[in-house]
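Have a look at the structure below before the remarks.
The values are calculated or read from the model by the stated rules, or taken from the named source; none is laboratory data. The model shown is predicted, which means the values in this text are computed figures rather than measured ones. When we count neighbours, we look across all protein chains shown, and the Cβ atoms used for this are built from the backbone with ideal geometry, even at glycine.
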Amino acid sequence: MSGGRFCLSVDVEGLWGLFFVRAYVDDPTLASGGRDALPRMGRLLEERGLAGTFAFVGHLLLDACGPWEGSAHPEIPRPTYPWYDRDWYDDDPGTDEARAPLWYARSQALAIHAMGHEVAAHGFAHAILDESHVPRAVADAELTSAQAAAVDAGLPTLRSFVYPQNVVGHVDALAAAGYGCYRESDAGQPARAGPPGGLQRAANLARHALAATPFVGHPMVRDDGVVALPSSFPILGREGLRRVVRRSARVARIEKGLRRAATEGAVLHVWTHPHAFATEEALDDLAAVLDVVAEWSERGDIEVLTMADMAERARAG
Ligand SMILES: [Zn+2]
Ligand SMILES: [Zn+2]
């Protein structure tokens, strides 16, 4: 019987996770704030002796690509969606990290790895692996291209996968591509594929503001050995309406989750994006949350694990 466990996973995407909303490309302030915040997030964990999982869009693990004549990465099959009418790689600048640091971030992945955190995959080009629109070949290419980019960067095999937009699909492709686990959607509720902006937003915000006791769950080992890791909720930044959620409510919600996870021998798994921490105020929120996690960990009441280590534990029974 395992005790309570905590995991923080961070979806690192640069502009790859944002380009389908054109305003984020036209004004890349949000993505560039995320790039600046990423090493600071890594250090906030490191200073507290905590390891996290940073799931990079695989393309970010490249230090350069192209230049391309015509479409970028022509050998990679494209996803197509009813809500997006351009080629998925249209924005790929075909250059390098120095010139386009929101499309390449190898130096950041290596720095995160050097801090002792897990580097994981968040697709290769952030294709949303919605099985109703995306064939298996696109999923295979996303999974294997990310691994190839990791090898090229000199990183270890990527063991964990975080689905873009939390749309879980083609799970049976993970094992062959070398992945041992993935993050489920929050509370196992199917996520919707498409540009951001959902009906659920207001209800979710209320749950944060009221510090509602979060979902905790248990890892599930599939027949192929791949582990489905439960997911609880996203740690919010302070953009727009999210600023109404007070720091005390953010900390209280984490504490409620840690207590529940410890009591039930379950996993509290929270996730976020670097661009949520583009302000000092938001970074201070994260530090306050991690202080509480570190206290619980130091008391021996909760164990803090990366996704890959949590999966290994689950497979060992
Ligand atoms: Zn490229
Ligand atoms: Zn993403």
Any residue in the stretch 71-82 that's at positive phi: show its pairings with residues that are within 16 Å of ligand 2 (Cβ to nearest atom) and assigned to a loop (DSSP other than H, G, I, E, B) at Cβ separation under 9 Å, as long as the two are six or more apart or on different chains.
73/124; 73/125
Mind counting the residues in the stretch 67-120 that are assigned to a strand (DSSP E or B) and over 18 Å from residue 31 (Cα atoms)?
5
Within the stretch 89-101, is even one residue within 16 Å of ligand 2 (Cβ to nearest atom), crowded, with 22+ Cβ neighbours inside 10 Å and modelled with pLDDT of 95 or more?
no
Residues satisfying the stated conditions in the stretch 134-159, i.e. over 20 Å from residue 107 (Cα atoms), touching a helix residue (DSSP H, G or I) at 6+ places or on another chain (Cβ under 8 Å) and buried (at least 20 other Cβ atoms within 10 Å of the Cβ):
139, 142, 143
Considering only the stretch 52-80, state which residues are over 21 Å from the mean Cα position of the chain (by Cα) and more than 16 Å from ligand 1 (Cβ to nearest atom).
80
Selected residue (only one of 49, 42 is within 30 Å of residue 262 (Cβ to Cβ), assigned to a loop (DSSP other than H, G, I, E, B) and within 21 Å of the chain's Cα centre (by Cα)):
49
Could you list, in sequence order, the residues of the stretch 20-49 that are over 16 Å from residue 115 (Cα atoms), surrounded by fewer than 24 Cβ atoms within 10 Å (Cβ to Cβ) and in contact with a His (Cβ under 8 Å, 6 or more places away or on another chain)?
30, 33
Name the residue, out of 284, 223, that is part of a helix (DSSP H, G or I), surrounded by fewer than 15 Cβ atoms within 10 Å (Cβ to Cβ) and not β-branched (Val, Ile, Thr).
284
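Yes or no, residue by residue, for (1) under 22 Å from residue 182 (Cβ atoms); (2) among the charged types (D, E, K, R):
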position	(1), (2)
35	no, yes
51	yes, no
56	yes, no
66	no, no
100	no, no
118	yes, yes
122	yes, no
133	yes, no
